[in-house]
Amino acid sequence: MTGQIRKECVYLLCSDGLYEKCSNIDLSELSPESLTSEEQVTQKLKKLVLRCRERKEKDDITGVVIRII
């Protein structure tokens, strides 16, 4: 994917193990407004990974959140 990086945006780089099992509602937990600290980013990403495991994902589950400030 190509394009311009915009300020105040959150980007999620992830494996298909995360992407395939998360809905748009799940991913909305990573909105810029809700990510005010590194701890919150870590907590929310861990929560998504656990949710994928609960949904029986067998593939690798990897995610990196990048917040542009």
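The values are calculated or read from the model by the stated rules, or taken from the named source; none is laboratory data. Keep in mind it's a predicted model, so treat the numbers as computed, not measured. Quick reminder, even Gly has a Cβ in these numbers, built from the backbone with ideal geometry, and neighbours come from all protein chains shown. Just the protein is used for accessible areas: all its heavy atoms, side chains included, with ligands, DNA and RNA removed. Shrake-Rupley method; radii C 1.70, N 1.55, O 1.52, S 1.80 Å.
Structure summary
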{"quantity": "Using alpha-carbon coordinates, inclination of helix 38-54 to the longest axis of the chain, degrees", "calculated": "30"}
{"quantity": "Within the accessible area of the chain (1.4 Å probe), percent carbon and sulfur", "calculated": "52"}
{"quantity": "Within-11-Å neighbourhood charge of LEU30 [Cβ basis; K, R +1; D, E -1]", "calculated": "0"}
{"quantity": "Rounded to the nearest 10 Å², the accessible area of ILE66 at probe 1.4 Å", "calculated": "70"}
{"quantity": "The chain: relative contact order as a whole-number percent, Cα under 8 Å and 6+ apart", "calculated": "58"}
{"quantity": "Mean residue ellipticity (222 nm) of the chain, computed from DSSP H runs ≥ 4 via -39,500 (n - 2.57), nearest 500", "calculated": "-10000 deg cm²/dmol"}
{"quantity": "Label selected from (i) 35, 28, 18; (ii) 29, 21, 18; (iii) 29, 26, 22, the criterion being Cα extents along the principal axes in Å as computed here", "calculated": "(i)"}
{"quantity": "Spatially proximal aspartates and glutamates relative to LYS21 (Cα-Cα < 15 Å; intrachain offsets below 8 disregarded)", "calculated": "GLU29, GLU54, GLU57, ASP59, ASP60"}
{"quantity": "Mean accessible surface per residue for the chain, computed with a 1.4 Å probe while every protein chain stays in place, in Å²", "calculated": "77"}
